[in-house]
Amino acid sequence: MEIKAPTPQIPPAVWTEFKDLQELEKYRQERPEGDKHSALFESLTEGIHQFPGGFVVTSVADAFLNWARKSSVWPVTFGLACCAIEMMATFASRFDVERLGMVPWASPRHSDLMIVSGTVTIKMAPMLKRIYDQMPDPKWAVSMGSCANSGGPFRHGYHVVKGVDRVIPVDVYVPGCPPPPESLLNGLLLLQEQIAHFRTTGKRAAPTAKID
Amino acid sequence: MIHDQARARIQERFGVGAEGDGPLLTVTIPPDRWVDLARFAKETLGCLYFNFLSAVDWKEQGLEVVCRLENLQVGLVVMLRTRLGAGQTHCPTLTALYRGADWMERECYDMFGIVFEGHPDLRRILLSEDWEGYPLRKDYAVDTPFAPYR
């Protein structure tokens with residue numbers, strides 16, 4: 001009598017039989033509404049496609065790069081006036097912009113964002129322009145407070161630039177005199193939203209109408 | 001009282017009365033006796049402390065230079081005022097008497113355009129070198145566009 005080894009039964013490679021993918025699908029269906037982390041993930045990875053039967057994930061290159069850009073916006077430490085106190089409070093542990101991937105950096109060469117925090121005098125404006133020019137592209141600017149927005153209470157002084165947008169292009173204007181850290185955080189979140197729609201066409205994203 | 005004595009000595013030496021009845025004496029003097037009065041205040045009245053020097057623009061009546069000298073030991077304060085006259089911008093300098101007058105007069109030149117004759121280094125101190133006009137004068141047009149940032 002011939003003894004045969006049992007023929008191994010190889011299951012067909014159907015992707016639904018992978019247990020981890022089933023678990024993942026189950027998790028996705030069971031995910032509660034308003035799950036901020038997953039909603040954030042989906043908004044970041046617009047255009048993600050997952051091929052059946054594999055683990056290959058594709059995305060739109062711009063979306064991926066913008067996700068990387070908005071997740072590590074490093075502001076150059078550039079305090080001009082009393083708004084800088086509120087900016088420092090925003091950088092410090094209570095409000096903690098490092099949650100947003102922002103590291104206040106003391107070199108314009110490594111920075112992506114300039115927060116113009118305070119009154120820009122006519123004598124200071126060339127230095128501000130120089131620091132802005134030293135930052136590598138792509139770069140953004142936030143105008144913080146009434147003075148940087150329009151000159152503020154010093155608008156009719158002889159020595160004040162009537163708005164920093166006469167010197168450098170500005171992406172987000174944060175009102176207030178000075179704006180509290182919550183306002184600046186809101187402005188930074190709006191800036192991140194703008195960066196998410198950044199296109200390498202040489203044009204800046206249109207400012208969002210969203211305020212609050 | 002010490003300020004009555006000082007008032008009497010100023011009256012005796014210069015022939016002008018000092019206003020004010022407290023320890024603050026305000027003396028108005030023509031510009032050609034400006035340095036004499038300051039030297040008198042320093043050497044005779046003992047006002048060694050140079051507090052400040054500034055100016056006032058009285059529009060068509062011309063500019064007025066104001067200087068405050070103090071004797072801290074006896075609490076005597078002398079305010080010197082001089083009217084330069086309409087359209088006049090020249091004033092003698094106090095830098096030979098007080099070293100502290102140097103930057104004060106430079107600031108005064110910067111903001112009002114008053115030329116202090118005999119000043120060792122009269123140039124702008126706060127504003128940039130290429131600034132046009134003197135911004136604290138009343139006729140300075142604040143909102144005129146100024147290249148490139150205004």
Report task. For A:ASP165, work out the one condition from (1) away from chain B (no Cβ under 14 Å); (2) out of contact with any helix residue (DSSP H, G or I) (no Cβ under 6 Å at 6 or more places or on another chain) it doesn't fulfil. Result -> (1)
Report summary line: Residue hits (the stretch A:149-174; open to solvent by less than 60 Å² (accessible area, probe 1.4 Å) and over 22 Å from B:ALA141 (Cα atoms)) are A:ASN149, A:ILE168, A:VAL170, A:ASP171, A:VAL172, A:VAL174
Report task. Could you check, for the stretch A:77-99, whether at least one of its residues is open to solvent by 10 Å² or more (accessible area, probe 1.4 Å), basic (Lys, Arg), over 30 Å from B:VAL142 (Cα atoms) and without any contact (Cβ under 8 Å) to a residue 60 or more places away in the chain? Result -> yes
Query raised in the report: Of the residues that sit in the stretch B:1-44 and are within 27 Å of B:PHE116 (Cα to Cα), over 16 Å from the mean Cα position of the chain (by Cα) and of a type in the set (Asp, Glu), which one is least open to solvent (accessible area, probe 1.4 Å)?
Result: B:GLU19
Report summary line: Residue pairs qualifying under the 6 Å Cβ cut-off, at least six apart or on distinct chains, with the first in the stretch A:129-158 being within 14 Å of chain B (Cβ to nearest Cβ) and the second being assigned to a helix (DSSP H, G or I) and charged (D, E, K, R), are none
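The values are calculated or read from the model by the stated rules, or taken from the named source; none is laboratory data. Source: prediction; values computed, not measured. Ideal geometry is used to build each Cβ from the backbone, glycine not excepted, and the neighbour counts take in all protein chains shown. Each accessible area value is taken on the protein alone, full model and side chains, heavy atoms only, with ligands, DNA and RNA left out. Shrake-Rupley method; radii C 1.70, N 1.55, O 1.52, S 1.80 Å.
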